[in-house]
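Chemist: The structure's right below; bear with me while I get my questions together.
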Amino acid sequence: MPTTVEAAPRPAGAAARILDAASRLFYADGIRAVSADRVIAAAEVSKVTFYRHYPTKDALVVAYLGAVDAAERAALDVVRAEHPGDPGAVLRGYADALGRQSCTAGFRGCPFINAAAEYADPAHPVRLVVAEHRRWMVGAAADLLADLDVPDATAVAEDLVMLRDGAMVAGYVGGQERARVVTATLQHAGAAIVAAHRATGTAGA
């Protein structure tokens, strides 16, 4: 499920202040553009305290993305609990939430895609967190699609995740007035992808 950076779970005390400040700054301005000194100033902690909790800036970036990942997983669990035994409703709820969030003020796209764009090395720890989150997203979607008896659920899930990426860009570029269009398009296109794979599976049976 999409979630705001502010909704991500946080550690306590000074570590929480550092992570809160970093999350806001990284998401709003970009990771590379935000120095450790700027985070230290925003969190109102000393350098000694900062480096005690986060020995490197990269460690802080990993923690930032890890918190967003945990929040998205928890949000999906909530929607699953709200719609027990109804995977279609879970997928529709995701599309609706994503469409609305993508057009809100302050939205700057997917934190994981943004991070991947700033770290070119696929073996970098930041990129490994991004890759794991991506695997989780595809796996979660595939599980829901399999519950709907959609053939080749993993391939369909990959298509839906790519659609999700495009919707986030459309919402960011289009602004708040495009929220309804983005949501409707996301739901319509997602349903079309599922229907197309079902038709292909039926034809090949």
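The values are calculated or read from the model by the stated rules, or taken from the named source; none is laboratory data. Note that the structure is a prediction, hence the values are computed from the model and not measured. Glycine also receives a Cβ, built like all others from the backbone with ideal geometry; neighbour counts cover every protein chain displayed. Side chains included, ligands, DNA and RNA excluded: accessible areas come from the protein's heavy atoms. Shrake-Rupley method; radii C 1.70, N 1.55, O 1.52, S 1.80 Å.
Chemist: Give the longest segment of the chain that steers clear of trypsin sites (Lys or Arg not before Pro) in DSSP loops with at most 14 neighbouring Cβ atoms within 10 Å, not counting the sites themselves.
Modeler: Values: sites that count: R32, R108.
In the chain, the maximal stretch lacking such sites is 109-205.
Chemist: Roll a 1.4 Å probe over the protein chains and send me the accessible area per residue for the chain in Å².
Modeler: Working: 10110 Å² over 205 residues.
Roughly 49 Å² per residue, with all protein chains present.
Chemist: Can you sort Y119, Y94 by solvent-accessible area, 1.4 Å probe, largest first? Walk me through the numbers before you get to the answer.
Modeler: Working: Y119 5, Y94 50 Å².
Descending order: Y94, Y119.
Chemist: Summing -39500 (n - 2.57) over the DSSP H runs of n ≥ 4 in the chain and dividing by its residue number, what mean residue ellipticity at 222 nm do you reach, to the nearest 500 deg cm²/dmol?
Modeler: Numbers: 9 runs with 152 residues, N = 205.
Helix contribution divided over all residues of the chain: -25000 deg cm²/dmol.
Chemist: Of T104, T56, T183, which is the most mobile in a GNM of the chain whose springs link Cα atoms less than 10 angstrom apart?
Modeler: Looking only at T104, T56, T183, the biggest GNM fluctuation is shown by T56.
Chemist: Springs between alpha-carbon pairs under 10 angstrom, Gaussian network model over the chain: which of L60, L148, L160 fluctuates most?
Modeler: The residue that fluctuates most here is L148.
Chemist: Where the accessible area of the chain is counted over protein heavy atoms with a 1.4 Å probe, how much of it, in %, is carbon and sulfur? Don't skip to the end; give the middle numbers.
Modeler: Working: 5930 of 10110 Å².
It is 59 percent, rounded to a whole number.
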